[in-house]
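S.K.: Sharing a structure here in structure tokens format.
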Amino acid sequence: MTRLLGSLLLMAAAGATTLGAAPAPAHAAATPLDRVVPAPASVTPGGSPYRITRGTRVRVDASGSGSASGSGEVRRIAEYLTGVLRPSTGYRLPITDHGTGGIRLRLAEGPFGAEGYRLHSGSAGITLTASAPAGLFHGVQTLRQLLPAAVEKRTVQPGPWTVAGGTVEDRPRYGYRGAMLDVSRHFFGVAQVKRYIDQLALYKINELHLHLSDDQGWRIAVDSWPRLAPYGGSTEVGGGPGGYYTKADYREIVRYAAARYVEVVPEIDMPGHTNAALASYPELNCDGTAPPLYTGTDVGFSSLCVPKQVTYDFVDDVIRELAALTPGRYLHIGGDEAHSTSHADYVTFMNRVQPIVTKYGKTVIGWHQLTGATPVPGALAQYWGLDGTSAAEKAQVAKAAQHGTGLILSPADRVYLDMKYSKDTKLGLDWAGLVSVKRSYDWDPGSYLPGAPESAVKGVEAPLWSETLTTSADIEYMAFPRLAGAAELGWSPAATHDWDTYKVRLAAQGPRWDALGIGYFRSPEVPWQG
Ligand code: ACM
């Protein structure tokens with residue numbers, strides 16, 4: 001008998017006794033409602049479980065409180081959910097706007113905020129309620145984790161598909177829960193970025209920061225400066241072919257991300273980290289001479305020419321085109337490691353460029369060195385220091401935060417996903433130290449930076465720099481399991497923070513990653529099953 005036929009027979013046997021909403025058999029221990037990453041705000045277990053069967057329907061409200069477009073979005077979320085469930089269950093799972101029971105997705109007023117949801121599971125069905133589609137989408141991610149890990153496989157599995165009874169009420173601690181992918185040091189194509197977006201969505205991450213330019217490559221087409229991408233993007237670290245996103249590619253990434261409630265945050269790193277641009281256009285250099293393309297891993301050797309007007313014409317054109325391509329709120333202008341720019345020039349440059357970003361309707365984000373210039377009102381500073389960062393530098397960032405600059409926390413010795421886990425990790429770097437899974441998780445964003453008010457903290461972002469990474473497998477090995485911890489720091493209430501319970505919830509992700517083909521680091525700190 002083939003394996004496929006075997007599982008079809010198993011399914012048929014299961015289905016024959018479970019049409020409708022039959023109670024789950026005693027042997028089917030459902031995942032406890034609180035075994036979810038990120039930890040939900042509140043979990044109330046109890047009541048009968050729900051079992052998805054071949055008779056289950058996915059119900060979307062025909063009217064409800066949702067607008068016409070809201071209900072279209074609810075249907076798209078239902079299609080996303082059935083896209084996960086159909087291949088592994090083998091069930092039809094029709095989407096319908098009438099009937100009772102089943103899995104119901106519903107928009108309604110409630111204490112959910114822009115991204116929260118309630119999931120109620122009982123013998124009659126599962127109801128996901130949210131006041132905005134993003135909340136339903138996040139609730140769907142929770143539902144995935146409450147089903148057996150085999151639900152993530154793309155071939156029919158035996159089941160049963162039981163969800164424990166009870167209620168999850170959930171909403172995020174922070175509105176900004178990000179991951180950054182460095183597509184400059186090594187280029188990653190659209191399909192690879194989409195794969196990462198799918199992985200971010202699993203953990204309710206809602207911002208994808210794309211590091212689109214650096215010394216080693218310019219990765220986004222700019223019509224008004226046409227050599228940037230085809231020439232400036234023609235190589236990468238180690239001398240490989242590099243690459244870039246056409247505008248259509250970038251729009252496709254934005255669209256794919258938006259369908260998963262992820263906002264794309266594009267970064268053009270300036271005034272340092274600009275060799276690819278300087279190599280593409282001699283006039284951007286103070287001496288009028290273009291340097292060669294660069295494929296090494298040094299930092300801090302390049303600078304746009306701050307005194308030249310053409311520099312600001314260039315920046316205006318790039319930001320105008322990128323802002324027009326980007327529906328999201330933010331545009332990141334880098335500002336880190338400008339070691340070849342004098343302090344005075346740095347301040348001049350950052351203070352002149354920020355208004356260009358606001359002129360094109362975007363909110364400025366900069367690496368935290370931006371606080372050494374004058375952050376414009378509303379700007380966010382992304383802190384990437386470490387324990388050893390000088391008190392003066394920390395105080396400068398804290399002072400800006402006291403004066404209204406919002407903070408995104410990306411401490412390098414906590415959530416830089418490219419840091420090695422241990423000295424034996426083959427990929428990655430170690431300039432910020434070794435970052436174990438526990439170390440990555442065990443800190444509190446709200447009280448992290450001395451002197452910075454908790455209210456200034458807008459969220460957490462886990463950057464992944466790609467000097468040593470060339471494939472999706474490389475990305476995943478460095479990101480998992482630490483990405484899940486960063487996601488939890490961004491989403492879960494501080495009161496849920498506890499390594500000993502986290503590591504058990506994290507261990508339960510292992511079989512899911514196996515099912516999804518994610519090759520993760522099996523840290524000895526985590527009690528993996530099997
Ligand atoms: C950085 O790691 N240079 C932001």
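Derivation of every value follows stated rules applied to the coordinates shown; laboratory data play no part. The shown structure was predicted, so the numbers you read here are calculated from the model rather than taken from an experiment. Cβ: placed from backbone, ideal geometry, glycine included. Neighbour counts: every protein chain shown.
S.K.: What percent do you get for the relative contact order of the chain when only Cα pairs under 8 Å and 6+ apart count? Can you show the working numbers first?
M.R.: Working: 1204 pairs, mean separation 70.9, N = 530.
Value for the chain: 13 percent.
S.K.: Going by how many other beta carbons lie within 10 Å of each one, how would you line up M350, M419, fewest first? Show your work: numbers first, answer last.
M.R.: Numbers: M350 28, M419 25.
Exposure proxy ranking, most exposed first: M419, M350.
S.K.: Determine the calculated [θ] at 222 nm for the chain from helices alone, applying -39500 (n - 2.57) to every DSSP H run no shorter than 4 residues and normalising by the residue count; nearest 500 deg cm²/dmol. It would help to have the intermediate numbers written out before the result.
M.R.: Working: 15 runs with 171 residues, N = 530.
Result for the chain: -10000 deg cm²/dmol, rounded to the nearest 500.
S.K.: If you don't mind, another one. What translational diffusion coefficient, to the nearest whole µm²/s, does the stretch 471-530 have by Stokes-Einstein, given a Kirkwood radius computed over alpha-carbon pairs, a temperature of 4 °C and 1.567 mPa s viscosity?
M.R.: Result for D is 107 µm²/s.
S.K.: Take every Cα pair under 8 Å in the stretch 210-329 that's 6+ residues apart, average their separations, divide by the length, and report that relative contact order as a whole percent. Before the final figure, lay out the partial values.
M.R.: Values: 207 pairs, mean separation 36.6, N = 120.
This gives 31 percent for the stretch 210-329.
S.K.: Can you give me the convex hull volume of the Cα atoms of the stretch 279-407, divided per residue and expressed in Å³? Intermediate results must be reported in sequence, preceding the final value.
M.R.: On the way: hull volume 15.8 nm³, N = 129.
For the stretch 279-407, the hull spanned by Cα atoms encloses 123 Å³ per residue.
S.K.: Output wanted: per-residue J couplings in Hz (rounded whole) for the stretch 318-331, from phi through Karplus 6.51 cos²θ - 1.76 cosθ + 1.60, θ = phi - 60°, x for Gly and Pro.
M.R.: Coupling constants for the stretch 318-331: 5, 5, 4, 5, 6, 5, 5, 7, 10, x, x, 7, 10, 9 Hz.
S.K.: Report the normalised scattering of the chain as log10 I(q)/I(0) at q = 0.06, 0.09, 0.10 Å⁻¹, calculated by the Debye formula with identical scatterers on the alpha carbons.
M.R.: -0.30, -0.66, -0.81
S.K.: Something else: Using the 10 angstrom Cβ neighbour count as an exposure proxy, how do S302, S48 rank, fewest first?
M.R.: Details: S302 26, S48 15.
Result, fewest neighbours first: S48, S302.
S.K.: First select every other residue whose beta carbon is under 14 angstrom from the beta carbon of G113; then total the charges, Lys and Arg +1, Asp and Glu -1.
M.R.: After counting each charged neighbour, the total is +1.
S.K.: Let me ask something else about it. Mind listing the phi-derived Karplus ³J(HN,Hα) values for the stretch 215-223, rounded to whole Hz, using 6.51, -1.76 and 1.60 with θ = phi - 60°, and x for any glycine or proline?
M.R.: 4, 8, x, 9, 10, 9, 5, 10, 5
S.K.: Tell me, what HN-Hα J-couplings in whole Hz come from the Karplus equation 6.51 cos²θ - 1.76 cosθ + 1.60 at θ = phi - 60° for each residue of the stretch 513-530, using x for Gly and Pro?
M.R.: 5, 4, 5, 8, x, 9, x, 9, 7, 7, 4, x, 6, 10, x, 4, 8, x
S.K.: Could you pull out every residue, at least 5 positions away or on a different chain, whose amide H is within less than 5 Å of the one on V265? Hs are placed 1.01 Å off N in the peptide plane, and Pro or chain starts have none.
M.R.: Those lying under 5 Å, H to H, from V265 are L208, H209, L210.
S.K.: Using only Cα atoms, tell me the angle between helix 133-146 and the longest principal axis of the chain; keep it within 0 to 90° and round to the nearest 10.
M.R.: 60
S.K.: May I pose another question? For a quick check of your reading of the filter: which chymotrypsin sites (Phe, Trp or Tyr not before Pro) in the stretch 415-464 sit in a DSSP loop and have no more than 16 other Cβ atoms within 10 Å?
M.R.: On the way: sites: Y416, Y421, W431, Y441, W443, Y448; in loops: Y416, Y421, W431, W443, Y448.
Answer by residue number: W431.
S.K.: In what sequence do Y117, Y312, Y245 fall when counting other Cβ within 10 Å, fewest first?
M.R.: Least crowded to most crowded, the residues run Y312, Y245, Y117.
S.K.: Starting from a Cα-only point model with no solvent, please compute log10 I(q)/I(0) by Debye for the stretch 218-325 at q = 0.14, 0.23, 0.24 1/Å.
M.R.: Each listed q corresponds, in turn, to -0.58, -1.32, -1.39.
S.K.: Using only the alpha-carbon atoms, what does the stretch 133-241 span along each of its principal axes? Please give whole angstrom values in decreasing order.
M.R.: Computed over the Cα atoms, the extents are 58, 34, 23 Å.
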